[in-house]
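Enquirer: Take this structure first; my questions come after.
The values are calculated or read from the model by the stated rules, or taken from the named source; none is laboratory data. Bear in mind that the values here come from a model prediction, so they are computed numbers and not experimental data. We place every Cβ from the backbone using ideal geometry, glycine too, and count neighbours over all the protein chains shown. What goes into the accessible areas is simple: the full protein's heavy atoms, side chains included, and nothing from ligands, DNA or RNA. Shrake-Rupley method; radii C 1.70, N 1.55, O 1.52, S 1.80 Å.
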Amino acid sequence: MLLSRYQYELLEAGCDEAGRGCLAGPVFAAAVILPQDFDHPLPNDSKQLTEDVRYRLRVEIEQKAIAYAVASCDNLEIDQINILNASFLAMHRAIEKLAVIPQFLIIDGNRFNKYQTVPHQCIVEGDAKYFSIAAASILAKTYRDDYMKQIAEEHPEYEWHTNKGYPTTKHRETVLKIGFTPYHRLTFRVSDPQLSIF
(Lines give C-alpha, C1' and ligand atoms only; values in the text may rest on other atoms or scores of the structure.)
Protein backbone atom coordinates (compact mmCIF):
# COMPACT_ATOMS: atom_id res chain seq x y z
CA MET A 1 0.00 0.00 0.00
CA LEU A 2 1.53 3.29 -1.08
CA LEU A 3 1.44 6.33 1.20
CA SER A 4 0.40 9.81 0.13
CA ARG A 5 3.00 11.69 2.21
CA TYR A 6 6.26 11.23 4.11
CA GLN A 7 5.30 14.18 6.34
CA TYR A 8 2.17 16.33 6.54
CA GLU A 9 3.38 19.76 7.67
CA LEU A 10 5.03 20.99 4.44
CA LEU A 11 4.04 20.86 0.78
CA GLU A 12 5.87 17.82 -0.53
CA ALA A 13 7.19 16.83 -3.96
CA GLY A 14 8.37 13.36 -4.94
CA CYS A 15 11.34 12.98 -7.30
CA ASP A 16 12.71 10.12 -9.35
CA GLU A 17 14.81 9.53 -12.46
CA ALA A 18 14.92 7.14 -15.41
CA GLY A 19 17.76 6.02 -17.62
CA ARG A 20 20.72 5.88 -15.26
CA GLY A 21 21.92 2.51 -16.54
CA CYS A 22 21.67 3.26 -20.25
CA LEU A 23 24.46 3.34 -22.81
CA ALA A 24 22.76 6.06 -24.84
CA GLY A 25 20.45 9.01 -24.41
CA PRO A 26 19.79 11.42 -21.54
CA VAL A 27 18.83 10.71 -17.98
CA PHE A 28 15.33 12.07 -17.30
CA ALA A 29 13.89 13.13 -13.95
CA ALA A 30 10.47 14.22 -12.75
CA ALA A 31 9.13 16.07 -9.72
CA VAL A 32 5.47 15.66 -8.75
CA ILE A 33 3.28 17.30 -6.11
CA LEU A 34 0.08 15.33 -5.56
CA PRO A 35 -3.01 16.28 -3.55
CA GLN A 36 -2.84 15.03 0.03
CA ASP A 37 -5.84 12.77 -0.52
CA PHE A 38 -4.50 11.23 -3.74
CA ASP A 39 -5.16 7.51 -3.92
CA HIS A 40 -4.90 4.99 -6.73
CA PRO A 41 -4.63 1.19 -6.85
CA LEU A 42 -1.96 1.10 -9.56
CA PRO A 43 0.99 3.49 -9.23
CA ASN A 44 4.18 1.65 -8.36
CA ASP A 45 7.78 1.51 -9.47
CA SER A 46 7.43 2.23 -13.20
CA LYS A 47 9.67 -0.72 -14.06
CA GLN A 48 7.04 -3.06 -12.61
CA LEU A 49 4.27 -1.73 -14.88
CA THR A 50 3.55 -2.49 -18.53
CA GLU A 51 4.20 0.26 -21.05
CA ASP A 52 0.48 0.64 -21.74
CA VAL A 53 -0.33 1.04 -18.02
CA ARG A 54 2.47 3.60 -17.57
CA TYR A 55 1.10 5.80 -20.34
CA ARG A 56 -2.47 5.57 -19.01
CA LEU A 57 -1.24 6.50 -15.54
CA ARG A 58 0.73 9.43 -16.94
CA VAL A 59 -2.50 11.00 -18.19
CA GLU A 60 -4.13 10.58 -14.77
CA ILE A 61 -1.10 11.91 -12.90
CA GLU A 62 -0.90 14.99 -15.08
CA GLN A 63 -4.63 15.65 -14.65
CA LYS A 64 -4.66 15.24 -10.87
CA ALA A 65 -1.26 16.61 -9.79
CA ILE A 66 -1.04 19.99 -8.09
CA ALA A 67 2.15 20.44 -10.12
CA TYR A 68 4.56 18.29 -12.11
CA ALA A 69 7.64 18.83 -14.24
CA VAL A 70 10.08 16.73 -16.25
CA ALA A 71 13.69 17.60 -17.13
CA SER A 72 16.83 15.87 -18.37
CA CYS A 73 20.62 15.85 -18.63
CA ASP A 74 22.00 14.74 -21.97
CA ASN A 75 24.79 12.26 -22.65
CA LEU A 76 27.43 15.00 -22.97
CA GLU A 77 26.59 16.32 -19.50
CA ILE A 78 26.59 12.75 -18.15
CA ASP A 79 30.10 12.20 -19.54
CA GLN A 80 31.25 15.49 -18.06
CA ILE A 81 29.89 15.26 -14.50
CA ASN A 82 29.13 11.50 -14.18
CA ILE A 83 25.76 9.76 -14.13
CA LEU A 84 25.08 10.21 -10.41
CA ASN A 85 25.57 13.98 -10.51
CA ALA A 86 23.66 14.19 -13.79
CA SER A 87 20.72 12.38 -12.15
CA PHE A 88 20.71 14.91 -9.32
CA LEU A 89 21.01 17.82 -11.76
CA ALA A 90 18.07 16.51 -13.81
CA MET A 91 16.03 16.34 -10.58
CA HIS A 92 17.05 19.91 -9.69
CA ARG A 93 15.95 21.07 -13.13
CA ALA A 94 12.59 19.34 -12.74
CA ILE A 95 12.06 20.90 -9.29
CA GLU A 96 12.93 24.35 -10.72
CA LYS A 97 10.28 23.93 -13.42
CA LEU A 98 7.44 23.20 -10.95
CA ALA A 99 4.67 25.80 -11.08
CA VAL A 100 4.28 25.44 -7.29
CA ILE A 101 7.35 25.64 -5.05
CA PRO A 102 7.69 22.57 -2.82
CA GLN A 103 8.67 22.95 0.83
CA PHE A 104 9.91 19.39 1.26
CA LEU A 105 11.32 16.78 -1.15
CA ILE A 106 11.25 13.01 -1.02
CA ILE A 107 13.85 11.41 -3.29
CA ASP A 108 13.98 7.85 -4.59
CA GLY A 109 17.30 6.32 -3.59
CA ASN A 110 19.89 6.77 -0.87
CA ARG A 111 21.75 9.92 -2.03
CA PHE A 112 20.90 13.41 -3.24
CA ASN A 113 22.60 16.76 -3.71
CA LYS A 114 20.60 19.25 -1.65
CA TYR A 115 18.37 21.54 -3.70
CA GLN A 116 18.79 25.16 -2.49
CA THR A 117 17.51 25.28 1.10
CA VAL A 118 14.63 22.81 0.65
CA PRO A 119 14.77 19.97 3.20
CA HIS A 120 14.67 16.46 1.75
CA GLN A 121 14.51 12.81 2.67
CA CYS A 122 16.07 10.02 0.60
CA ILE A 123 13.99 6.83 0.53
CA VAL A 124 15.36 3.54 -0.81
CA GLU A 125 12.75 1.98 -3.14
CA GLY A 126 10.64 5.07 -2.54
CA ASP A 127 8.78 4.51 -5.81
CA ALA A 128 7.20 1.44 -4.20
CA LYS A 129 6.32 3.32 -0.98
CA TYR A 130 5.05 6.82 -1.84
CA PHE A 131 2.58 7.93 -4.51
CA SER A 132 4.47 11.08 -5.49
CA ILE A 133 7.73 9.20 -6.09
CA ALA A 134 5.87 6.48 -8.01
CA ALA A 135 4.24 9.22 -10.11
CA ALA A 136 7.62 10.85 -10.76
CA SER A 137 9.02 7.46 -11.76
CA ILE A 138 6.20 7.00 -14.29
CA LEU A 139 6.61 10.47 -15.80
CA ALA A 140 10.41 10.23 -16.04
CA LYS A 141 10.20 6.80 -17.67
CA THR A 142 7.49 7.63 -20.21
CA TYR A 143 8.98 10.98 -21.24
CA ARG A 144 12.37 9.33 -21.67
CA ASP A 145 10.84 6.49 -23.69
CA ASP A 146 9.17 9.05 -25.97
CA TYR A 147 12.52 10.74 -26.52
CA MET A 148 14.35 7.47 -27.24
CA LYS A 149 11.70 6.40 -29.76
CA GLN A 150 12.12 9.75 -31.47
CA ILE A 151 15.92 9.50 -31.84
CA ALA A 152 15.63 5.79 -32.75
CA GLU A 153 14.40 6.96 -36.14
CA GLU A 154 17.84 8.52 -36.76
CA HIS A 155 19.74 5.34 -35.79
CA PRO A 156 17.36 2.35 -36.20
CA GLU A 157 20.19 -0.20 -36.16
CA TYR A 158 20.64 0.28 -32.38
CA GLU A 159 16.99 -0.70 -31.70
CA TRP A 160 16.36 2.13 -29.24
CA HIS A 161 12.66 1.93 -30.06
CA THR A 162 12.62 -1.30 -28.03
CA ASN A 163 15.70 -1.23 -25.75
CA LYS A 164 15.42 2.54 -25.00
CA GLY A 165 19.21 2.79 -24.86
CA TYR A 166 19.72 0.12 -22.21
CA PRO A 167 22.71 -2.22 -22.71
CA THR A 168 21.01 -5.23 -24.26
CA THR A 169 23.30 -7.76 -25.92
CA LYS A 170 22.19 -6.56 -29.37
CA HIS A 171 22.77 -2.90 -28.46
CA ARG A 172 26.30 -3.61 -27.17
CA GLU A 173 27.14 -5.78 -30.17
CA THR A 174 26.00 -3.03 -32.54
CA VAL A 175 28.16 -0.44 -30.76
CA LEU A 176 31.20 -2.75 -30.89
CA LYS A 177 30.55 -3.43 -34.58
CA ILE A 178 29.78 0.04 -35.99
CA GLY A 179 30.66 2.45 -33.18
CA PHE A 180 29.04 5.20 -31.15
CA THR A 181 26.43 7.74 -32.18
CA PRO A 182 26.33 11.37 -30.95
CA TYR A 183 23.79 10.14 -28.34
CA HIS A 184 26.03 7.56 -26.68
CA ARG A 185 27.65 8.02 -23.28
CA LEU A 186 31.34 7.63 -24.00
CA THR A 187 32.29 7.10 -20.34
CA PHE A 188 30.16 3.92 -20.13
CA ARG A 189 32.09 0.73 -20.96
CA VAL A 190 30.19 -1.19 -23.62
CA SER A 191 31.90 -4.50 -22.86
CA ASP A 192 31.64 -4.19 -19.07
CA PRO A 193 30.83 -7.62 -17.57
CA GLN A 194 28.33 -5.88 -15.25
CA LEU A 195 26.17 -5.18 -18.26
CA SER A 196 25.59 -8.85 -18.96
CA ILE A 197 22.57 -8.78 -16.65
CA PHE A 198 20.55 -6.96 -19.31
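Enquirer: So how strong a dipole does segment 1-146 carry about its Cα centre when Lys and Arg Cβ are +1 and Asp and Glu Cβ are -1, to the nearest 20 debye?
Expert: On the way: 14 positive and 20 negative charges, 30 e Å.
With only Lys, Arg, Asp and Glu charged at Cβ, the dipole is about 140 debye.
Enquirer: Another question, if that's okay. What order, most packed first, do the peptides 171-177, 24-30 have when packing is the mean number of other Cβ atoms within 10 Å of each residue? Walk me through the intermediate numbers first.
Expert: Numbers: 171-177: 16.0, 24-30: 28.9.
Taking the mean over residues of other Cβ atoms within 10 Å, the ranking is 24-30, 171-177.
Enquirer: Counting only protein heavy atoms and using a 1.4 Å probe, what share of the accessible area of segment 2-73 belongs to carbon plus sulfur, as a whole percent?
Expert: On the way: 1530 of 3140 Å².
Carbon and sulfur atoms account for 49 percent of the accessible area of segment 2-73.
Enquirer: How much accessible area does residue 91 have with a 1.4 Å probe, in Å² rounded to the nearest 10?
Expert: Approximately 10 Å² for this residue.
Enquirer: Heavy-atom accessible area per residue, segment 112-198, 1.4 Å probe: how many Å²?
Expert: On the way: 4470 Å² over 87 residues.
The answer is 51 Å² per residue.
Enquirer: Now, a different point. Just want to confirm a number: the relative contact order over the chain, from Cα pairs under 8 angstrom separated by 6+ residues, in percent.
Expert: Details: 387 pairs, mean separation 61.7, N = 198.
Answer for the chain is 31 percent.
Enquirer: Please report the equivalent ellipsoid semi-axes of the chain, computed as sqrt(5 x eigenvalue) of the Cα gyration tensor, largest first, in whole Å. Kindly include the intermediate steps, with their values, before the conclusion.
Expert: On the way: eigenvalues 181, 61, 39 Å².
Equivalent-ellipsoid dimensions as semi-axes: 30, 18, 14 Å.
Enquirer: Would you work out which of 4, 59, 26 lies farthest towards the positive end of the dipole of the chain, given +1 charges on the beta-carbon of Lys and Arg and -1 on that of Asp and Glu, about the Cα centre?
Expert: Positive-most Cα among the choices belongs to 26.
Enquirer: With a cut-off of 8 Å between alpha carbons and a minimum separation of six or more residues, what is the relative contact order of segment 96-179 in percent? Don't skip to the end; give the middle numbers.
Expert: Details: 70 pairs, mean separation 13.5, N = 84.
Result for segment 96-179 is 16 percent.
Enquirer: Taking 8 Å as the Cα distance limit and 6 or more residues as the minimum spacing, I'd like the relative contact order of segment 74-125 as a percentage.
Expert: Details: 41 pairs, mean separation 14.5, N = 52.
Contact order relative to length: 28 percent.
Enquirer: As a quick test, which of the pairs 141/164; 129/164; 47/164; 141/177; 64/129 have an alpha carbon distance above 21 angstrom in this structure? The partial results should precede the final answer.
Expert: Working: 141/164 10 Å; 129/164 26 Å; 47/164 13 Å; 141/177 28 Å; 64/129 19 Å.
Among 141/164; 129/164; 47/164; 141/177; 64/129, the Cα-Cα distance tops 21 Å for 129/164; 141/177.
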